[in-house]
Every structure is written in structure tokens, then in C-alpha cells.
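Visitor: The structure is given below, and queries will be raised subsequently.
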Amino acid sequence: MATTAWREITPEPGTPESAIPLYVEDRNSVLAELACLLESHHFKASRRCCEFLDYVVRQTLKGNLASLKERALGVELFNRNADYDTNSDPVVRATAGEVRKKLAQHYQESKRGRAFIVLPVGTYIPRFEIQVEPAHDSIVDEIISQVEPHPHLARIDDQPQQPSPLHWRFIQKPRTRVALAVLGSMVIALILYFGLTQIIAQRESVQSQMAGPALATFWMPFLAPQTDSVAVFSEVRGRSGSSPAGAVTYPVGFSLGESASPGISGVGEVMGVHALDGVFNSFHRSLRAKRSNFFTFDDASSENVIFVGSPLANPPLRLLQNSRNFVFQIISNESGQPQLAIINNKPQAGEPKQFLSTPENLPIKEDYALISLSPGIRPEKRVLVLAGITTFGTQAAAEFVSRNDALKSLLSYLKVSPNGDIEPFEAVISVKISDEVPMEERIVAVHQN
């Protein structure tokens, strides 16, 4: 079976429309995919998300990337004043978070078309992935057109002359025609090979620069040659009763009797795996995703493992997690109700003994998440844990380790060996949440032996 190939288009600020590498049919495919998204049930119910996605995609296709800044979007789309405070009014960030969530939900349920639209975390410029056809004449024409003729070779129409009878008879011979055809095919093949190699090298260079040094340092053990990694995401037991956000919102991780719904993956887990896949893609590596119920110890011994979700909702993590400073535990809150918390077993000066999210009977405003790195079953393997108390905390943890600026702040707390290896650590981040979208993360505790 033929493997479908995708060509990624990532416009950068300052790129004029003419320089965005999209053919006419590619633009039409992007617009067709946009129309399909806006008509989907995920977007159709939210006029704000539809207008946001439509605007950023069309502005990107036009090359107006400078207008895709938070303040500019707030003024253009949400009628804010030009000097409005983006910190106290996060309408753009909240809407972008909702759009990312709806995109993930749509592509989880629907089959990809010829185009695929992504809104990466940390930017409002969408990324397009275009399905590559087996024979794309436009690509061939573009590469051939860039090959300049040798200065000492004149064009045929510059020096018109009739071939000699001997010369004409030589070309007319069947074997000669076949040989010339083969030679011409080889020349075209070489042109295509070196042209495509140059394009791919330029794209990889740009993507590596975008990745950032902190990302490269943090993810080095997972990106080493001949190293495979798997993201294991939890299938939570969520509340299907009174929660206004639905069953997938609060991965409490323990049975609530008949109201429990096993086998559900939270939105945060889906968004988290999506963010991690973007990191690996930026380093030209692939990341395998696997549900926790299908995870085996063969996976753990042969691959680096990234757990996305708390141990109480991710059973294999309970056996592999080496976290000793911070553990997930169900406690009784002030109302006497069971609530999942992160317990600080070795609190340092100024640190609380436990971290609690917003009570489940209230709209969630704050959450906490654990980020830990430890050795795997084999010494050369690594286990990374990205686990929130709720699914929103899990999403925030995954997006945190997917951003160069966030990892730069985390690395300032950590010990890094001379060869670049990060020693095992455990860290807790607090997460501010608005309209069920993680908005801001802050490091509140870091323990490292």
C-alpha cells in the first residue's frame, strides 16, 4: 500500500504572499478544507471561533502575517481599543485555545482531506500540510525552471541550422533514439534529485532554527539517532453527571460507580499529544501515540516513554513512575469530598504540602501539573511524565515542554551534565484556566537529586 506523503507549509513573519510556497491548487485545497471545518459541528456552533479561523487562514494565504499578532487580532476581530491590556483581557488567547481544541476534535473524528490546517501553540499563524500527489507537474516545472542553461550552450532557436544528412540519419536510428531518451531521463532524474534535496535541506534548516536551543537540550535523549519514542495517553474515568464540561473534562482517575465512563480520553490528552507531535516534527522525527490500555512492557524496554495523563488514569505509569517527591493521591477536601491532589512528600522552604485544583463543583480556574524526567527500564531510556490533576493541567504540561521559552525557564532550575544530559528531576507548574483553556503556566516547585 502506498504511503501518503504530506508537504508542510509554515509561513514566517515578513514572508510576502508571492514567497509562500503554495500552488494555485494548494490554495484551493486549503480554502476547501477551511470551508469544511467551518461547516463542521465543532465550529458551526461558535461564531467567534469560525471568524477567528477564517481570518487567520485567509490573512496567511494573502501573506499578511504581520496582522496576526494578539493586539492586532483583538482590535480587528473583537473590537478592542488599540491600547487595550492583553494581560487582563485574554480574548485572543482564549479563542485561539478553543480553535486548537476544535481542530483536534475535528481531525480525531474526521478523515483528512487533501489539506490539513494546524494552529501551532505559541503563534496565531496557521500551518498547512498539503498531500503530495505521486506526480506533481508543478513541482517538476518549478525545479527545472530554476536550472540555468550552461553559458557556452546556445539555444537551438538562436542558431537555426539544418542538420546534415549524416547527422539526421544518426538520430533516426532506433537504438540511438532509445539511448538519447534514456540519457534525457537520467538528466531529468538528476535535476529532480538535487533540486528536491536542496529544497528539503532548506526546509529542515528553517525548522531546526525554529525549534530553539532549549527545546533541543531538553528533548535530546528522545531525539538521538536510532531512538524511538512513544506517547502513552490515558483513558480516563470521567464524570458523566453534573459536570458542566462533560465526561471528558475531569479525569478523576477512580471509579464513581455507575456514573463512571471508562475508556474516554480527555481533550487535554489529545491536545497534549498533538503539541508533542509538533515538537518531534520540528526535529524531523516521528512520535508514536498509544492508548494506555494497549501499552506493554516491550514498549517500555525498547522505547523512550512519554506519559500524558496522571498515574491514576494511566495505569502503566503507576508501575514505571520513579517520582518520589510528588505523588498523585486522592484526599478529602474541606467539604469531605474525595479530590485528586499532588502531594509534596519533601516540601522545601516556602512550598505547600499539597497542590489542589479548583473544586469540582465550581468552574475550573486553576490546576497543577507534574513534569518529571527519570530513567527507563533500561538505563539508556527515559520516562517523561506530563500529568495534570485535570485534563487541562495535562494539556498545559505538554504545551509547556513544547515551547522554547518555557523550557528555557525550566532549565535554569536544573542540573545539566557536561555532555548535555539533564539529570532526573520533578517539577510542578500551576496553570491558570479561562473558559476551559489553559492560559498561563508558572513553575512553583522543582526537585532534583
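Visitor: How much length would be gained if the chain were fully extended between ARG288 and LYS365, taking 0.36 nm per residue of separation minus their Cα-Cα distance, in nm to one decimal?
Guide: 24.5 nm
Visitor: Whole-Hz Karplus ³J(HN,Hα) for the range 266-275, in order, using 6.51 cos²θ - 1.76 cosθ + 1.60 and θ = phi - 60°, x for Gly and Pro?
Guide: x, 4, x, 5, 5, 5, x, 4, 4, 5
Visitor: Using θ = phi - 60° and the Karplus relation 6.51 cos²θ - 1.76 cosθ + 1.60, list the HN-Hα couplings for the range 415-421 in order, rounded to whole Hz, with x at every Gly or Pro.
Guide: Calculated HN-Hα couplings, in order: 8, 10, 5, x, 8, x, 6 Hz.
Visitor: Right, next: Return the long-range amide H neighbours of ALA289 (sequence gap of 5 or more, or a different chain), with a cut-off of under 5 Å between placed amide H atoms.
Guide: Amide H to amide H, under 5 Å and 5 or more residues apart or across chains, ALA289 pairs with ALA231.
Visitor: Can you compute the modelled spin-label distance between ASP85 and ASN28, with each label point 7 Å from Cα toward Cβ, in nm?
Guide: Computed distance between label sites ASP85 and ASN28 equals 5.0 nm.
Visitor: Under a crude label model (7 Å from the Cα following the beta-carbon direction), how far is HIS41 from LEU190 in nanometres?
Guide: 5.8 nm
Visitor: Out of residues 5 or more away from PHE425 or on other chains, whose amide H comes under 5 Å of its own, with H placed 1.01 Å from N in the peptide plane?
Guide: For PHE425, the qualifying residues are LEU373.
Visitor: Here is a follow-up. For LYS432, go through the lysines and keep the ones whose alpha-carbon is under 29 Å away, minus same-chain ones fewer than eight residues off.
Guide: Counting by Cα, and skipping residues close in sequence, LYS432 has these lysines nearby: LYS44, LYS69, LYS101, LYS102, LYS290, LYS346, LYS353, LYS365, LYS408, LYS415.
Coordinate-derived values only; no laboratory data. Bear in mind the structure is a predicted one, so any value in this text is a computation, not a measurement. Note that we place each Cβ from the backbone using ideal geometry, even for glycine, and neighbour counts take in every protein chain shown.
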